[in-house]
1. In the range 1-33, which residues are under 13 Å from the mean Cα position of the chain (by Cα), touching a residue at least 24 places away in the same chain (Cβ under 8 Å) and farther than 21 Å from Arg44 by Cα?
2. Taking the condition in a loop (DSSP other than H, G, I, E, B), of a type in the set (Val, Ile, Thr), surrounded by 10 or more Cβ atoms within 10 Å (Cβ to Cβ) and at pLDDT 90 or above, does Val37 pass?
3. With respect to Val19, determine if the residue is touching a strand residue (DSSP E or B) at 6+ places or on another chain (Cβ under 7 Å) and assigned to a loop (DSSP other than H, G, I, E, B).
4. Please verify whether Ala52 is among the aliphatic types (A, V, I, L, M) and part of a helix (DSSP H, G or I), treating the condition exactly as stated.
Amino acid sequence: MEGKANAHLLAFLGKAFGVAKSLVSLESGELNRQKRVRIRRPTRLPEELGIAARPA
């Protein structure tokens, strides 16, 4: 049961950042509320973050 919430979180973040689930990983905090997540090669940044993408 514990892993289901983490799996949903990673899937949600993958969708939000426009990447496959395989490019999102939980670095730490598997059993804690605070988590460190790595998102590799995001194709977009969610507006809610308030971060503007750097021009290429």
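The values are calculated or read from the model by the stated rules, or taken from the named source; none is laboratory data. This structure is a prediction, so every number in the text was calculated from the model and none was measured. All Cβ positions, glycine included, derive from the backbone under ideal geometry; neighbour counts span all protein chains shown.
1. Asn6
2. no
3. yes
4. No; evaluated as a whole, the condition is false for this residue.
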